[in-house]
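Undergrad: Have a look at this one.
The values are calculated or read from the model by the stated rules, or taken from the named source; none is laboratory data. Just so it is clear, the model here is predicted, and its values are computed rather than measured. Note that we place each Cβ from the backbone using ideal geometry, even for glycine, and neighbour counts take in every protein chain shown. Note: areas computed on protein heavy atoms with side chains; ligands, DNA, RNA excluded. Shrake-Rupley method; radii C 1.70, N 1.55, O 1.52, S 1.80 Å.
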Amino acid sequence: MKRVLVTGSTGAGKTTLARAIAERVAIPFHEMDALAIAGPHWEENPRLLEDVSQISSGPSWIFDSFGYPQVRDLLWSRADTIVWLDYSRPVVMRRVLRRSVARTLLRRRIFGGNVETAGDWFKADHPAWWAWSQHAKRRVDIATRCADLRFARLDVIHLATPRAARAWLDVTTTTGDRTMDNSATVTERLPRR
């Protein structure tokens, strides 16, 4: 486990888990949204592909993303491990709503110095609306990729609940070893097509 992609729905907790894994296995963590959003007014980074390509060519890394479309295939082809947070819609919505409310009320600066505003809540691309509307589609997209023969070499760690994620993280050591009991309630190896 040297090149890790933590994936899941918007608001599932990808960044939090990716940071925790990075700490445990001493691998550099890269926050995808911070790389993708370059400036004020949610300006996109025109060099995202080049930046991610350079980082992902290194020997070890962790990203917290399904992958923006322009870098998705690159990341999936270079990863050795996918950690899939496949949480239910209610779990995801509680998390994303709590996060966005705090960001809005506290005016927390995030990617590129931007803040979530009350007005943003009425836009279709606001994280809360996005998480709600894209949850089922994202789940299908990730499952399809995990079963795709192009990515058959990947170690897929499928975590269906936050409890399963905590249990898996507890046995993930500083060497990257995972001595989990292979219980389907904690992790499962996804079937290939």
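Undergrad: I'd like the Karplus ³J(HN,Hα) series for the stretch 28-39: coefficients 6.51, -1.76, 1.60, θ = phi - 60°, whole numbers in Hz, and an x wherever there's a Gly or Pro.
TA: x, 9, 10, 7, 4, 4, 5, 6, 7, 9, 9, x
Undergrad: Leaving out ligands and nucleic acids, note down the accessible area per residue over the chain with a 1.4 angstrom probe, in whole Å².
TA: Result: 52 Å² per residue.
Undergrad: Summing +1 for each Lys or Arg and -1 for each Asp or Glu, what net charge is found among the other residues whose Cβ lies under 10 Å from the Cβ of Ile27?
TA: Counting the neighbours of Ile27, the net charge comes to +2.
Undergrad: In debye to the nearest 20, how big a dipole does the chain give about its Cα centre with +1 on each Lys and Arg Cβ and -1 on each Asp and Glu Cβ?
TA: Approximately 460 debye in magnitude.
Undergrad: Multiply the residue gap between Asp51 and Asp141 by 0.36 nm, knock off their C-alpha separation, and tell me the result in nm, one decimal place.
TA: 30.0 nm
Undergrad: Next question. Restricting to DSSP loop positions (anything but H, G, I, E, B) with no more than 14 other Cβ atoms inside 10 Å of their own Cβ, which trypsin sites (Lys or Arg not before Pro) remain in the stretch 113-172?
TA: Listed in order of number, the matching sites are Lys123, Arg153.
Undergrad: Rounded to a whole number, what % of the accessible area of the chain do carbon and sulfur atoms account for, probe 1.4 Å?
TA: 56 percent
Undergrad: Å³ per residue of the Cα convex hull, for the chain?
TA: 115 Å³
Undergrad: How far apart, in nanometres, would the label points at Arg166 and Arg94 be if each is projected 7 angstrom from Cα along the Cα-to-Cβ direction?
TA: 1.1 nm
Undergrad: Shifting gears a bit: Convert each backbone phi in the stretch 114-120 into a coupling constant with the Karplus relation 6.51 cos²θ - 1.76 cosθ + 1.60 (shift: θ = phi - 60°), then list the ³J(HN,Hα) values in order as whole Hz, x for Gly and Pro.
TA: 6, 10, 7, 10, 4, x, 4
Undergrad: Compare the peptides 2-11, 100-109 by average per-residue count of other Cβ atoms within 10 angstrom and give them in order, highest first.
TA: 2-11, 100-109
Undergrad: Right, here's the next one. Check each of the trypsin sites (Lys or Arg not before Pro) in the stretch 34-79 and keep only those in coil by DSSP with at most 16 other C-beta atoms within 10 angstrom; list them in order.
TA: Passing sites in the stretch 34-79 are Arg47.
Undergrad: Taking H as built 1.01 Å from N, whose amide H comes closer than 5 Å to the amide H of Gly8, not counting residues under 5 places away?
TA: Those qualifying (amide H under 5 Å, at least 5 residues apart or on another chain) are Phe66, Leu85.
Undergrad: Residue by residue through the stretch 2-17, which ³J(HN,Hα) values in whole Hz follow from phi under the Karplus form 6.51 cos²θ - 1.76 cosθ + 1.60 (θ = phi - 60°), with glycine and proline marked x?
TA: 10, 10, 10, 10, 8, 10, x, 5, 3, x, 5, x, 4, 5, 4, 5
Undergrad: Highest mean first, what order results for 17-25, 125-133 on Cβ atoms within 10 Å?
TA: Final packing ranking: 17-25, 125-133.
Undergrad: Right, another one. Tell me which residues come under 5 Å, amide H to amide H, from Trp61 once H is placed; ignore anything under 5 positions away on its chain.
TA: Answer set, sorted by chain and number: Arg3, Val4.
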